[in-house]
Amino acid sequence: MNYFVTGATGFIGKFLLERLLAREDAKVHVLVREASQDKFELMAERYGDAVKRLHIINGDITVPGLVAPEDLKKLKNKVDHVFHLAAVYDMNMDDATADRVNNEGTRNVVNFVGELGGNVVLHHVSSVAVAGGDFVGKFTEDMFDEGQRLSHPYYRTKYESEAIVLNEATVPFRIYRPGVVVGHSETGEMDKIDGPYYFAKAIQQISYRVPKWLPLLGIEGGKVAVAPVDYIAAAMDAIAHKPGLDGKCFHLMQSNSPSVGDLLQAFLEAAHGPEFGKRINIPKLSPSMKKLSSRLQRAVPERTKKQVAEAIGVPLSVLGYAFNLAVFDDRQARAALKDTGIRCPDIRDYVDKLWQYWELFLDLKVRITPRQMQKLAGKVVLVTGASSGIGFNTSKKLAAAGAKVILVARTKDKLDETQSIIEKAGGEAHVYPCDLSDMKDIDRMAAEVLHDFSHVDILINNAGRSIRRGVMESTTRFHDFERTMQLNYFGSVRLILALLPTMAKRNSGHIINISSIGVLANAARFSAYVASKAALDAFTRCVSAEVRAHNIHTTAIYMPLVRTPMIAPTKIYDYVPTWSPDDAANTVIKAIIDRPKSVATTLGTAASISYALWPKMNDYILSKGFQLFPSSSAAKGRKEGAKPSLEQVVFANVFKGEHW
């Protein structure tokens, strides 16, 4: 079977190629513009040995004929299916670009397919956008020209390009209308900020700033025709190879589409944020008000609209779609896919994967001041525990400021992932796997780093192990104290000792230890963890006086509770105030710039003073917290994940950031 694909380097395209190449007899010809050659070659690596059946055809859909005459001659009567995916999807696009690519490009493809001869079938990827932005009611797969308003360039050209296929194609064709495309339902993979992802940053901030127990007021909004990219690619592949479906259109989306409110709530849950206590429907505008609104929108200059969109991080057309009143029917698609085992999953079943991928690979914007850039550019910074949480976010910021970041953690795969994320954002990072509880492995890693870079300017001892367990529950678990001390204290000391001589020789260096508010507040249930951090604290304070003459600075950062994978097993922490990893990373960057002796929150400082002045009162308060927050959800007959009591909420907010 021979295929010809346009837009193969696009998001849907690369997954469709995967499906086509899974067919052993498939030979796939891919139209690639000269500007996309490098991008395609990188993408092709994902197909392994099957890449031998991929054949690049140089060309461009915006050029009549698409390909050189000699290439057309080679393809004549040899192509069974043409998949046309190439199009511009940009909610900020201008009319000229939309017409040139989406309309003229489609016309050129239609003419090209007509020239191929044989029994070729054209598969045109359209969009539910053909319904326009304000269609009201059910829009079926048989509907097309319903008098809908198509003022936005994207909606208009998706409609017009589909009309070109319907009216001008001289070969059999099938039309696919995907809904809002989100990441892969199994891996979360996504290629850009789009659709619901526009709201991800706001959702992330809400999840960190707003307590989970506090109900929110939200909107219900319209239905969102959403679908993961793997379903769209699988459905297109399956439908394309089924007989008797020529001339039909297929809506590719979740059958029972979620509302905007459902979608936002699903993402909030994935982000461990609060729930909507109530969702309201925005009242419909009357026809006269709609006309007035349209006039006002037309009166606003396009430049102003773009400036507003950039300021809020969301295209205005996307905000408008949140209140769309169209409901899309996918009956024909479901019928065509019957007995294939292919169905569109409910977004609630895979939203956690979308969220995890966004946080890792798409949340790349880092704010770095000119002063930070000046101080950090070119510096060699070693970060332990760099593959997640505080270390991951700190590494991203350091790289964005121009530092050479040495990534250290136990698992190489995760470090490689972190490196690729940093490099994708334009930073420099280097991977050095190491078991930081193994002293010999630390020596080996440090020697390799010094061999490769000759020195380390800044060491950030961030890797750590935390154990939340009362001492009466630990009387037979001495190994908990040993392994916590091994990593948090001995591992950090060993690394400091390995790097200190070169710092002294260069008469320059900075050692930053990520400590804990528990060291200042004497957190109950954390005796193993706090003791290990306190030991490192005491060691560094002693060493600090010795190395000051060598211009080596030390900083202890007494972090409050930070929402990282380390605290995830303790479900009660979903409901108490925490810092975000971003807040913590900003604190680390500021410490590098200002080089303070220590950094602590107001509560941490107050706790330290109160223990020195009123130790019995301090013990009384800590004892109350110890009794109030049990070691496990089952300890007081509470179900796992149950919401905290009012007393617990008040206590956690009064002592914000403390470990309970």
**OP:** Evaluate the following for Y558: is it out of contact with any Phe, Trp or Tyr (no Cβ under 7 Å at 6 or more places or on another chain) and touching a residue at least 60 places away in the same chain (Cβ under 8 Å)?
**Re:** no
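Yes or no, residue by residue, for (1) more than 24 Å from V182 (Cβ to Cβ); (2) among the β-branched types (V, I, T):
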{"position": "F11", "(1), (2)": "no, no"}
{"position": "L17", "(1), (2)": "no, no"}
{"position": "L21", "(1), (2)": "no, no"}
{"position": "R33", "(1), (2)": "yes, no"}
{"position": "L54", "(1), (2)": "yes, no"}
{"position": "N58", "(1), (2)": "yes, no"}
{"position": "V79", "(1), (2)": "yes, yes"}
{"position": "D94", "(1), (2)": "yes, no"}
{"position": "N103", "(1), (2)": "yes, no"}
Original post:
Which of the residues that make up region 368-399 are polar (S, T, N, Q) and either surrounded by fewer than 22 Cβ atoms within 10 Å (Cβ to Cβ) or out of contact with any Leu (no Cβ under 9 Å at 6 or more places or on another chain) (or both)?
Top reply: T369, Q372, Q374, S388, N393, T394
Subject >> Conditions (1) buried (at least 18 other Cβ atoms within 10 Å of the Cβ); (2) farther than 30 Å from V380 by Cβ; (3) out of contact with any Gly (no Cβ under 6 Å at 6 or more places or on another chain): number failed by T475 >> reply: (1)
Original post:
How many residues, within region 463-511, are closer than 20 Å to A523 by Cα and either of a type in the set (A, V, I, L, M, F, W, C) or touching a strand residue (DSSP E or B) at 6+ places or on another chain (Cβ under 6 Å) (or both)?
Top reply: 8
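Among the residues of region 360-381, count how many are in a helix (DSSP H, G or I) and closer than 24 Å to M445 by Cα.
1
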Original post:
For region 594-607, which residues satisfy the criterion of being under 21 Å from T540 (Cβ atoms) and at pLDDT 70 or above?
Top reply: D594, R595, P596, K597, S598, V599, A600, T601, T605
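Let's see how each residue does on (1) assigned to a loop (DSSP other than H, G, I, E, B); (2) modelled with pLDDT under 95:
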| position | (1), (2) |
| --- | --- |
| V383 | no, no |
| S395 | no, no |
| E417 | no, yes |
| I421 | no, yes |
| D435 | yes, no |
| V456 | yes, no |
| A463 | yes, yes |
| I467 | yes, yes |
**OP:** Give the residue, chosen from P196, P178, that is surrounded by 19 or more Cβ atoms within 10 Å (Cβ to Cβ) and modelled with pLDDT of 90 or more.
**Re:** P178
Original post:
So, in region 132-161, of the ones that are under 17 Å from K248 (Cβ atoms) and touching a strand residue (DSSP E or B) at 6+ places or on another chain (Cβ under 6 Å), which residue ends up surrounded by the most Cβ atoms within 10 Å (Cβ to Cβ)?
Top reply: F139
Original post:
Could you count how many residues in region 518-527 are surrounded by fewer than 24 Cβ atoms within 10 Å (Cβ to Cβ) and assigned to a helix (DSSP H, G or I)?
Top reply: 1
Subject >> Test set (1) farther than 30 Å from N551 by Cα; (2) assigned to a helix (DSSP H, G or I); (3) not aliphatic (A, V, I, L, M) - H451 fails condition number >> reply: (1)
**OP:** Among the residues of region 440-468, write down those that are of a type outside the set (V, I, T) and either crowded, with 17+ Cβ neighbours inside 10 Å or outside the structural domain of A403 (by TED's automatic domain parsing) (or both).
**Re:** M445, A446, D457, L459, N461, N462, A463, G464, R465, S466, R468
**OP:** Would you please list the contacts, defined by Cβ atoms under 6 Å and residues six or more apart or on different chains, that run from a residue in region 353-366 that is without any contact (Cβ under 8 Å) to a residue 60 or more places away in the chain to a residue that is of a type outside the set (F, W, Y) and part of a helix (DSSP H, G or I)?
**Re:** V366/K396; V366/K397; V366/A400
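Conditions tested, residue by residue: (1) in a helix (DSSP H, G or I); (2) out of contact with any Pro (no Cβ under 7 Å at 6 or more places or on another chain); (3) among the aromatic types (F, W, Y); (4) modelled with pLDDT of 70 or more.
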site: Y558; (1), (2), (3), (4): no, yes, yes, yes
site: M566; (1), (2), (3), (4): no, yes, no, no
site: Y573; (1), (2), (3), (4): yes, yes, yes, no
site: A584; (1), (2), (3), (4): yes, yes, no, yes
site: K590; (1), (2), (3), (4): yes, yes, no, yes
site: S610; (1), (2), (3), (4): yes, yes, no, yes
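Select from region 227-253 the residues that are assigned to a helix (DSSP H, G or I) and over 13 Å from R334 (Cβ atoms) and list them in ascending order.
V229, D230, I232, A233, A234, M236, D237, A240
Quick check: is even one residue across region 202-223 within 30 Å of G114 (Cβ to Cβ), more than 22 Å from the chain's Cα centre (by Cα) and not in a helix (DSSP H, G or I)?
no
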Original post:
What are the residues in region 257-293 that are at pLDDT below 85, charged (D, E, K, R) and either within 28 Å of V210 (Cα to Cα) or not in a helix (DSSP H, G or I) (or both), if any?
Top reply: K278, R279, K284
Subject >> Only one of A326, A336, A311, A322 that is more than 19 Å from the chain's Cα centre (by Cα), crowded, with 18+ Cβ neighbours inside 10 Å, aliphatic (A, V, I, L, M) and at pLDDT below 90 >> reply: A322
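Do we have T97 as out of contact with any helix residue (DSSP H, G or I) (no Cβ under 6 Å at 6 or more places or on another chain), in the same structural domain as S126 (by TED's automatic domain parsing), polar (S, T, N, Q) and surrounded by fewer than 20 Cβ atoms within 10 Å (Cβ to Cβ) here?
Taking the combined requirement at face value, the residue satisfies it.
The values are calculated or read from the model by the stated rules, or taken from the named source; none is laboratory data. Keep in mind that this is a model prediction, so the values were computed, not measured. Every residue, glycine among them, receives a Cβ derived from its backbone with ideal geometry; neighbour counts consider all protein chains shown.
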